[in-house]
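Here's the structure, in structure tokens; my notes come after.
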Amino acid sequence: MQKPVQPQDLHAAPSRTGDDEEIDILALAGTVWRNKLSVFACAALVAALGYYRLVASVTPVYRAEAEMALQIDMPDMMNLQAVVSGLTGDEASINTEMSIITSGDLIGRLVDGLGLMRDPEFNGALPDPEARPGLLAGLGGLVRSWLPGGADPEEEALSPEEERRDVIDAVRGAIETESSYDTYVFTISATSEDPEKAALLANGLARLYRDDQIRLKVEATERAATWLSGRVGDLRAELDSRQNEIADLRARSALVSAESLEALNIQSIELGAELQEVRGRLERVGERLVALRAAESSGDVAAKAEAAEDGQLDAAAAALAATPADPEARERFDRRFAQVVLQAEAEIERGQEQAEELQQQSDDLSAQFQGQSADFQALLQLQQEAEATRVLYETFLSRLKEASVQEDIYQADSRILTEAIPGEQIAPRPARALALSLMIGLLLGAAVVIGRELLQKTFRSAEELERHTGRTVLGQVPRIPARARVDTIAYLASKPTSAAAEAIRNLRTSLLLSRIDSPPQVIMVTSSVPNEGKTTLAIALAQNLGGLGKRVLLVEGDIRRCTLQAYFRQDLARGGLVAAVAGRERLADAVLRPEGAGIDVLLGERRAEVNAADFFSSDGFQRMLNEARDRYDHVVIDTPPVLVVPDARVIGQAADAVLYVVRWDFTGRGLVEDGMRQFRSVNVPVTGLVLSRVDPKGMRRYGYGDRYGALVHYGRDYYEA
């Protein structure tokens, strides 16, 4: 009995490179070019929809333009610049005027003047007599009426103020202003569904703006005249009051003139000098009196004579010095000294009286000077205020006269250069709409193609599959052009040189030569999920091995679904795999030999009491497989998907080779990774991968024309259609 030889697991884990994370711009461009028909179809569809939405179903819109010019620094006829100022011409002023044109005040007067409240184009609250209610709008109203608390038309009605505000906003949206660079010329543009109405809007707003400038100047002049009139009256009353105060001050003041005030000032200065002199003399006499009294206290004759500085006292002192004992000489000296002291005291008393008198005169004169000086300063202040009031009065009176005359001669700061004519159509523009729609369609189609390419997580070439899994791809099998499963065997038998048959033959060669010394006898075929073509591949491989003159047994290992019988025309209803494993039938009796297949088939049996995983782990299955090894050259087992049930991992323990089928552009990369991981977890090496159901045209469409698709194209002389 031959023991299965397991191939060495050379790649335990998938091998990936960083190339998968890079975006090849040239490859994406090539993808777009290969799918150019889809891109063009998307562009055509979007262009048709865009043309319908932007041209066919859109109401035409017309634009009319009125041209105006600002008149900067225009001189007023009466030069009333202090009352009303014109435009300065700087950028801020011009931008301000552009904003004034579209202000709510002017637009509101335009709405009122043209009766736009009754125009359905701008007043959405009015029903449009030409509009027909759409299907969606009708269904929406019907649904709202069914809902609890549905909309009440009376509650949703706008107030007159809100309705007017909405109309003003709508008209403002239809108005545009634009100033010409480096000039004072600007345009007022109006758009409307009616060309005549567009011109009417532009001309009406231009006239309103021009007339509004005159109106504002007139109103400003009227307000200035009213203010000036009141101010002139106040100044006249204030001037009269100042003049009366001057007259009263002159009447109650003795002041003759500024010269008299100057004389009083000089007299006060002279009196002060005299008082200063008297006080100096009084101070010297006081010092002499102090010295006399000091000498008197000392009793020294010489000291008294020196302090007295009197000739008679000096003579008496000399006589007393000559006759010190003469009492008469002493008496004469003392009497004269006493007289000198009395004279000094009397002189001090007179000096004090004189100083007091002079001080009183100085105080009186100073008080008189201060009083007259204050009156003089008050008079000067009153005269200055009266003069200033008079100047203001005369200035305001002249401005008032100018303002009264200016009201009738004002000119606007702008003028209309060109009035608007009936507008020209600006939308829709068929050529532009079609070009824009076509461009959007091309971009959208390219984005869809590129997005599909970037989001693609399947395998489209053997190189991708090998690079992602680290396993060798033993074969690439194209889609077999059979309408039903039952036609598969007939197709392969009748067309042995077709592309599909040659691909199976290449797979067989690669599989058998993968181990030249001991070619695999038991070959298991599995996949990640259903519908990947593993059953068809197992049948085709078994048939191809049988074509070598080998004894081949095809075993249906998927006893849960049992789909193998759908590939054969004759009735094969008899015992199968379960009966052979259980020993109820011999293997030779359980197998079938379909007509034209050249192989034996051991069908599965669906039994509710049989657990598939336990069934394939049983000794009976191993005995049956060993008997098949003895009777057949090759045993091909079709197993369930590895990610669905564990049967494939159990059967794989007894297999010599495991073929893992991956459906082209169908099986996700994550599914293949998970399936390979399932086999690694039970130490079952995968011999090789098979890319099944390959579409050669799709290969060329995805940019793989130089690979399998090209081989099919180049080998068409060798393959049978």
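Read-outs: derived from the displayed coordinates by stated rules, not from any lab. These figures come from a predicted structure and were not determined experimentally. Backbone-built Cβ (ideal geometry, glycine too); neighbour counts: all protein chains shown.
Here are a few things to note about the model shown:
- For the pair ASN531 and SER373, the difference between a 0.36 nm per residue extended length and the Cα-Cα distance amounts to 44.4 nm.
- Nearest-0.05 FRET efficiency for ALA435 and SER180, computed from C-beta distance (R0 35 Å): 0.75
- Note on SER93 and ARG623: their simple-model spin labels are 11.6 nm apart, each label 7 Å out from Cα toward Cβ.
- Residues whose amide H comes within less than 5 Å of that of GLY688, counting only those at least five positions distant or on another chain, are VAL658, TYR660 (H built at 1.01 Å from N in the peptide plane).
- Approximate spin-label separation ALA322-GLU193, in nm, with each point projected 7 Å along Cα-to-Cβ: 15.3
- Per-residue 3J(HN,Hα) values for segment 359-369, derived from phi via the Karplus relation 6.51 cos²θ - 1.76 cosθ + 1.60 with θ = phi - 60°, read 5, 5, 5, 5, 5, 4, 5, 5, 4, 4, 5 Hz in sequence order (x marks Gly and Pro).
- Paramagnetic reach from ARG680 (point 7 Å along Cα→Cβ, amide N under 13 Å) across segment 451-482: 468-471
- Pairs from LYS534/LYS697; LYS457/LYS550; LYS36/LYS457; LYS36/LYS495 whose Cα-Cα separation, in the structure shown, is over 31 Å: LYS457/LYS550; LYS36/LYS495
- Using R0 = 25 Å, the C-beta based FRET efficiency linking LYS36 and THR458 works out to 0.65.
- Fully extending the segment from LEU548 to GLN411, taken as 0.36 nm per residue of separation minus the present Cα-Cα distance, adds 38.1 nm.
- Cα-projected label distance for SER404 with ALA302, points at 7 Å along beta-carbon direction, nm: 10.4
- Note on segment 474-717: antiparallel DSSP beta bridges, both residues inside, total approximately 5 percent of the bridges counted.
- Diffusion coefficient (Stokes-Einstein, Kirkwood radius over C-alpha pairs, 25 °C, 0.890 mPa s) for segment 258-396: 125 µm²/s, rounded to a whole number.
- Between VAL391 and ASP211, the C-beta separation translates, for a Förster distance of 41 Å, into a calculated FRET efficiency of about 0.60.
- Computed lengthening from LEU444 to ALA44, 0.36 nm per intervening residue step minus Cα-Cα distance: 142.9 nm
- In loop segments of segment 601-631 as defined by DSSP, the GluC sites (Glu not before Pro) with at most 10 further C-beta atoms inside 10 Å of their C-beta are GLU609.
- Virtual paramagnetic centre 7 Å along Cα→Cβ of GLN343, amide N under 11 Å, in segment 310-336: 310-314, 336
- Once C-alpha pairs closer than 8 Å and six or more residues apart are averaged by separation and normalised to the residue number of segment 428-533, the relative contact order reads 16 percent.
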